[in-house]
Amino acid sequence: MIRTISAIQLQNEYETNEINADDKYTDKTLIVTGIVKSVAKTNNGSETYLIISDDYHPYSQVQCFLSQKGIKQAASLDINREVSVKGYCQGKKIVTIDGKDQRLNYPVLAHCIIVE
């Protein structure tokens, strides 16, 4: 069964108890709902992602890395539009920026598509 959760609820659960949130969500497919705040590419241009949140908690967000299908879908997305994204939860991910490992402060979904 695929669980549906808001971006804010997912972020709040990770902020409250990351160990419990990892047990519940990491390595599972989720549908996350929220407001599109940005559509962008990584610094090296190799991946495209959405940031989803809501209008009341701009710093509580989920980063959704898009699949090829998701990239095509995102081409027509408007900022501040409500969206549901289906993807594989990776928890709070460690990324390398300028040769240094840094831990993101928000949950990450991978292989995402937009669901209607």
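Couple of notes before you dig in:
- Residues that are among the hydroxyl-bearing types (Ser, Thr, Tyr) and at pLDDT 95 or above were ranked within the stretch 27-46; the one that is nearest to the chain's Cα centre (by Cα) is Thr33.
- Taking every residue in the stretch 2-15 that is assigned to a helix (DSSP H, G or I) and pairing it with any residue that is among the β-branched types (Val, Ile, Thr), at least 6 positions away or on another chain, the pairs with Cβ-Cβ distances below 7 Å are Ala7/Val32; Ala7/Thr33; Ala7/Ile52; Ala7/Val62; Leu10/Val32; Leu10/Val62; Gln11/Val62.
- Lys37 vs. criteria closer than 26 Å to Glu116 by Cα, part of a strand (DSSP E or B) and of a type in the set (Lys, Arg): yes
- Only one of the listed residues (Tyr59, Tyr49) is in contact with a strand residue (DSSP E or B) (Cβ under 9 Å, 6 or more places away or on another chain), at pLDDT below 95 and surrounded by fewer than 14 Cβ atoms within 10 Å (Cβ to Cβ). That residue is Tyr59.
The values are calculated or read from the model by the stated rules, or taken from the named source; none is laboratory data. Only a predicted model underlies this, so the values are computations on that prediction, with no experimental measurement involved. Don't worry about glycine lacking a Cβ; one is built from the backbone with ideal geometry, like all the others, and counts go over all protein chains shown.
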